[in-house]
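Structure record follows, encoded as structure tokens.
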Amino acid sequence: MSPVRSLTLVLALGLLPGLPAAADCVAGLTAPDPQSFWDVLESADLDACRRRSVQAQLGSLGPGSGDAPDSDRLIIVWQALVDQWDGAAPAAPAPLSELYAALGQRAAAAVQFLRQRGSAGQDFALPSVWAIDFNGNLGAVAGADEQLLAPAIPVRRLLTGACAAEGDACPQAFADGDAVLEHILLANGIGARLGQPTVSGLLDKVAEVNADWDRFLFDSKAMYPWSLWLTDVVNRRRNDYAHRHGLLEPPDTQYFLLHPAPGFGFVHAADDGDQLAPTVYVELLGFNRWRARYLTGVSAIVEYADRAGVEDVSYGALFTFANRYSVGVTAGGGEVGVTLGLDLANLYRDRLQPQIRRIRAGAR
Amino acid sequence: MAQAPHHVYFVHGIGQHSKNWIDDKEPSGPGRSLREELEGAWKLYQDNDRFGAFADQLDLVPLSYDHVFDALYAQWEAEVATLRTHLAAFPDAAAELDPLVRIAEAPANGTADAAFFYTHVLDLLWYWGNSLIQGKIVADVAEQLLTAISEHYGKPGHTFSIVAHSMGTSVVHKVLQALWTQPEYDGRLEAGRSLSAVLKFRLLMQISNTSFVLSADATGHYRTLVKPSSIANRGVCATMANVSNQFDLISETVPFDPPRDEWLDAHSQIDDCYLDILTRRLTAPNVHAITHYFQNPLVHQPFFERVLQRRIPVALKRRALDDFQGSSPAAGFKLLKQQLDSLASRDTSSLPRYVTAAREFIALVRSFDGAAA
């Protein structure tokens, strides 16, 4: 980044000569004693005050970018935190100086990562590393090889120690503690700016997988319970949940077993008036590739129809198109027939037949 | 009113649940909703306005997956309805196909005398026994969870916790394991970075934990990433609470019981990251109900403390516990306890035997519910 751009950004952010002053949420409040120090410092009202202050500071950074957080802006804030804590450490009394030094080191690791991507300290710039836990600590930070990169920082112990060192009441430690907690909250907030694309990206992926499941289960060819069972059994090795990583995605193929369905069949050899008749067919065994565009499935079928002049039962093959429209060819008693699944028959009735009528009327 | 910063996502167990199930009144016992139960408990610790107003601190969000089963059963029912119209013209074929047709339409219709099977057991069997249904449920709950989190992620001081109950504990376990291992996000982060640094839950509370018994991989269950850690960029949560009641056969017959020394890292063993809470009081016939659990201070006290990260004074905790024990004498529900003890001695070494025992347990509880009413 050019010096001019750096200065412009810093001025725009109001970060000269350093971080904005903490909100001083404790102004006007009675300083606590060491026993109640942490409870008071972490009370609901003070917590809310600090959150409002940090929200305003984050707002001054401008909106976060969903895909590419502005590392340049984040580096400036991190560096300001480093300068704040490193600058305060030498002059602070013993417990506080230790705290400031540890916080400064942790923030410096965040700056180093943002400046040199691929360094070992990548997680220092992310929010979990800046979250105080139930024991009042910022947790230790582990590296990729599980060795610790940084020890835990005992924030509560050190701040409470500073209060105890001050006396029965500790107005200075109270104010210092409030400022430290606010700056840790700020670090957590800018860490979340860097983490935001991960959360958004993960949500996008999860939503995509969930939508695929909806297509597989509800928007493609409907599976009865036993077909759902068969599809699961066939894919069991692939679906072995315990050894997978990430969300299970639906298999590419549905399998059908004894799948009954209504339809309409045409057998030319049947008696007049019986050639086209309602039928019921059962897909004895078949499959459907639900992601395919045109021909999606093939099944072996047995068909039942009540027609005069031909056999009631015939056997054949059924072809499914676009997960829904089925047409089959059957043979029974030496006679060949054509079967349409109900959806295809309805498509013909609702869409094609009116068009055919219009065309014929126009031709006349 | 300022937005509540502590978001808690609740995932239900077996049975029928509305979309806003945390506001539905529990049909047995005191008849309060889960939200009412928590709001009532909150008041016990409000000396000096300690926690602030409930609505200013806690955002309770129900997540649900009943709609997956409802949609599936409705689909079968619709397919069968169309088929039946056609079958009316083919009595011979209709007779042959009748067994299949009845199987397909049964889940949506149920029968009065087998209603419990269709509202409880069938969902469990589909979830446990069919990886496709399980995959859809896990993806659906994962999307609900991340969508809700995304609304507040990055807001300063906003935290995220999860409370799961019964079968929901298994769902949550699989959701978290899937999210933490999803290969896709490697493209968004530097290689080797754990999702823990980006998103870590403050509390994961597993009530009546069935994640182990419903796991297809018993030997590997405790080697998943779903564990707490006090190391900032490790673990899915800072605190994990495993909650059970000694009379709750759903969780006690095959309990979640990780080997602590191997399961937790050394820091987390020291730092009290894992709470194993076993309650012993029976204050209502339905010992398995989530509201029954939260009535007990041994459950709601750590819930408030760990979500808000503020300690309740020992004196207040003691007083609440004494009041609770005083209002629910140990001799209460004596006959029910005797029968529950008898059930507890049953063999539950396989899932079918576990399901049988669970059915009898719930039937027993329901019979006492009816008597109490």
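The values are calculated or read from the model by the stated rules, or taken from the named source; none is laboratory data. In this text the structure is predicted, and so the values were computed from the model without any measurement. Quick reminder, even Gly has a Cβ in these numbers, built from the backbone with ideal geometry, and neighbours come from all protein chains shown.
Within the range B:208-248, the set of residues being among the small types (Gly, Ala, Ser), part of a loop (DSSP other than H, G, I, E, B) and away from chain A (no Cβ under 11 Å) comprises B:208, B:211. Just so you know, in the range A:120-145 the residues that are within 9 Å of chain B (Cβ to nearest Cβ), in a loop (DSSP other than H, G, I, E, B) and hydrophobic (A, V, I, L, M, F, W, C) include one that is nearest to the chain's Cα centre (by Cα), and it is A:126.
In this structure, residue A:176 does not satisfy being under 26 Å from the mean Cα position of the chain (by Cα), in a helix (DSSP H, G or I) and more than 8 Å from every other protein chain (Cβ to nearest Cβ). Only one of the numbered conditions (1) modelled with pLDDT of 90 or more; (2) out of contact with any Leu (no Cβ under 6 Å at 6 or more places or on another chain) is not met by residue A:54, and that is (2).
Annotation: of all residues in the range B:12-49 being of a type in the set (Phe, Trp, Tyr) and either within 14 Å of chain A (Cβ to nearest Cβ) or not in a helix (DSSP H, G or I) (or both), the one that is nearest to the chain's Cα centre (by Cα) is B:42.
Applying the condition of being closer than 18 Å to residue A:195 by Cβ and in contact with a strand residue (DSSP E or B) (Cβ under 8 Å, 6 or more places away or on another chain) to the range A:91-119 and asking which residue is nearest to the other protein chains (Cβ to nearest Cβ) yields A:106. Scanning the range B:294-351 for residues that are part of a helix (DSSP H, G or I), charged (D, E, K, R) and more than 24 Å from the chain's Cα centre (by Cα) yields B:317, B:318, B:319, B:322, B:323, B:334.
Can you pull out the strands (runs of 3 or more DSSP E) entirely within the range A:209-311 that have at least 2 residues that are at the interface with chain B (Cβ under 8 Å from one of its Cβ atoms), in contact with a His (Cβ under 9 Å, 6 or more places away or on another chain) and of a type in the set (Val, Ile, Thr)? By residue number, A:276-289. In the range A:331-347 there is at least one residue that is part of a loop (DSSP other than H, G, I, E, B) and exposed (fewer than 15 other Cβ atoms within 10 Å of the Cβ). Is the range A:209-220 home to any residue that is without any contact (Cβ under 8 Å) to a residue 12 or more places away in the chain, under 30 Å from residue A:52 (Cα atoms), surrounded by fewer than 20 Cβ atoms within 10 Å (Cβ to Cβ) and not hydroxyl-bearing (Ser, Thr, Tyr)? Checked against the condition, which is being without any contact (Cβ under 8 Å) to a residue 12 or more places away in the chain, under 30 Å from residue A:52 (Cα atoms), surrounded by fewer than 20 Cβ atoms within 10 Å (Cβ to Cβ) and not hydroxyl-bearing (Ser, Thr, Tyr), the range A:209-220 yields no hits at all. Taken over the range A:327-364, the criterion of being without any contact (Cβ under 8 Å) to a residue 24 or more places away in the chain and of a type in the set (Gly, Ala, Ser) is satisfied by A:331, A:333, A:334, A:361, A:362, A:363.
Only one entry of A:191, A:167 meets the criterion of being in contact (Cβ under 8 Å) with a residue 60 or more places away in the chain and either within 28 Å of residue B:147 (Cα to Cα) or more than 8 Å from chain B (Cβ to nearest Cβ) (or both), and that entry is A:191.
Among the residues of the range B:220-232, is there at least one that is free of Cβ contacts under 8 Å to residues at least 24 places away in the same chain and closer than 15 Å to residue A:127 by Cα? No, there is no match, as no residue in the range B:220-232 is free of Cβ contacts under 8 Å to residues at least 24 places away in the same chain and closer than 15 Å to residue A:127 by Cα.
When the residues of the range A:123-141 are narrowed to those that are aromatic (Phe, Trp, Tyr) and surrounded by 24 or more Cβ atoms within 10 Å (Cβ to Cβ), which ends up modelled with the highest pLDDT?
The extreme case among them is A:130.
Within the range A:44-53, being under 19 Å from residue A:160 (Cα atoms) and more than 8 Å from chain B (Cβ to nearest Cβ) holds for one residue alone: A:46. Here the range B:249-269 is the region considered, the condition is being outside any loop (DSSP other than H, G, I, E, B) and either within 10 Å of chain A (Cβ to nearest Cβ) or touching a residue at least 40 places away in the same chain (Cβ under 8 Å) (or both), and the residue that is farthest from the chain's Cα centre (by Cα) is B:267.
With respect to (1) assigned to a helix (DSSP H, G or I); (2) within 9 Å of chain B (Cβ to nearest Cβ); (3) at pLDDT 95 or above, the lone exception for residue A:160 is condition (2).
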